[in-house]
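Read through the structure below, which is laid out as structure tokens, and then see the notes.
The values are calculated or read from the model by the stated rules, or taken from the named source; none is laboratory data. The model shown is predicted, which means the values in this text are computed figures rather than measured ones. Glycine also receives a Cβ, built like all others from the backbone with ideal geometry; neighbour counts cover every protein chain displayed. Note: areas computed on protein heavy atoms with side chains; ligands, DNA, RNA excluded. Shrake-Rupley method; radii C 1.70, N 1.55, O 1.52, S 1.80 Å.
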Amino acid sequence: MFTQEKRLNYQTTQKSENIQYSHIYANVLVTFSEQAGKTYPEELMAFIYKDAKKLTPRKKIKLTEAVVQNIICSDKDHKKRYDVMVPRCMTQIDNEADVLAIRKSGFCDEFEIKLTRADFFNDRKKIIQYRRPDFDVKQDIDWFMNPEDLAPYQKFKLEALGNGEMVVNNFWYVLKEGIASVDDLPGYAGLISVDQTGLLKVVKHPDRLHSRKLSFEQRYKFASYLNERFWRYREQLAK
């Protein structure tokens with residue numbers, strides 16, 4: 001095993017964006033070491049490859065809501081954490097989550113994507129029709145069409161979330177890097193930044209809003225949205 005001191009002694013100091021391929025750096029090192037009559041163990045070479053790979057510049061991409069949705073849903077950590085991730089998922093009749101992710105435990109997370117500062121601050125104005133936490137989702141459409149019969153009232157979405165009055169257990173903002181800071185968020189919200197190359201970075205974890213789990217019926221309903229999207233997509237390809 002190599003100590004941290006020995007590893008640091010072998011690391012290159014030429015850390016510039018001109019390094020395009022990590023294998024070039026490693027191969028050059030091997031060539032020089034052979035000429036000098038030295039060989040380096042596999043463990044060290046693996047370490048060098050990994051370090052050099054970090055220096056490889058990432059390409060910039062055009063960030064759109066759909067692109068960021070794909071990045072969120074294809075992230076390896078998210079794939080491990082969530083059973084189902086649904087883009088543009090209606091959590092209730094008047095709220096659409098940019099991504100709704102369901103955990104194995106039955107808890108669910110909402111990811112709200114904002115790519116401009118103006119759009120982020122406009123989110124504070126979003127209003128929903130308030131429901132009690134124990135509201136029967138089967139009555140959702142009837143309730144929305146005849147609100148006076150069930151005596152509802154309006155509430156800002158961020159307020160309802162903070163009071164634990166919506167279905168999601170954890171609420172995340174996914175923001176384009178630089179458009180807002182942690183100080184601009186509601187205290188309970190998590191923050192993930194996405195840079196111009198599509199790299200995600202967790203800046204702050206969210207607080208648990210409540211401990212109610214999704215019922216089997218709710219999980220099935222949300223997961224079925226993926227089935228609908230898949231066949232709609234197939235229909236579009238067939239045209």
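Remark: accessible surface ordering of 166, 85, 90 (largest first) is 90, 85, 166, probe radius 1.4 Å. Karplus-derived 3J(HN,Hα) values for region 97-102, using 6.51 cos²θ - 1.76 cosθ + 1.60 with θ = phi - 60°, are 7, 4, 9, 10, 10, 9 Hz; glycine and proline are entered as x.
Extension gain, residue 203 to residue 124: 0.36 nm times the residue separation minus the Cα-Cα distance gives 26.4 nm. The alpha carbons of region 152-239 stretch over 47, 41, 24 Å along the principal axes, in descending order.
Once backbone amide H atoms are built at 1.01 Å from N, residue 200 has no partners under 5 Å, excluding neighbours fewer than 5 places away on the same chain. List the residues whose amide H sits under 5 Å from the amide H of residue 191, counting only those 5 or more places along or on another chain, with H placed 1.01 Å from N in the peptide plane. Result for residue 191 returns 173, 203, 204, 205.
Largest accessible area first, the residues 91, 116 order themselves as 116, 91 under a 1.4 Å probe with ligands, DNA and RNA left out.
Which order do 207, 75 take by accessible area at a 1.4 Å probe, largest first? Spell out each step's value before the answer.
On the way: 207 80, 75 40 Å².
Final ranking, largest accessible area leading: 207, 75.
With a point put 7 Å past each Cα toward its Cβ, work out how far residue 213 is from residue 65 in nm, to one decimal. With each label placed 7 Å out from Cα toward Cβ, I get 3.2 nm. Between the amide H of residue 126 and those of 157, distances stay under 5 Å, these residues lying 5 or more places away or on another chain, with hydrogens modeled in the peptide plane.
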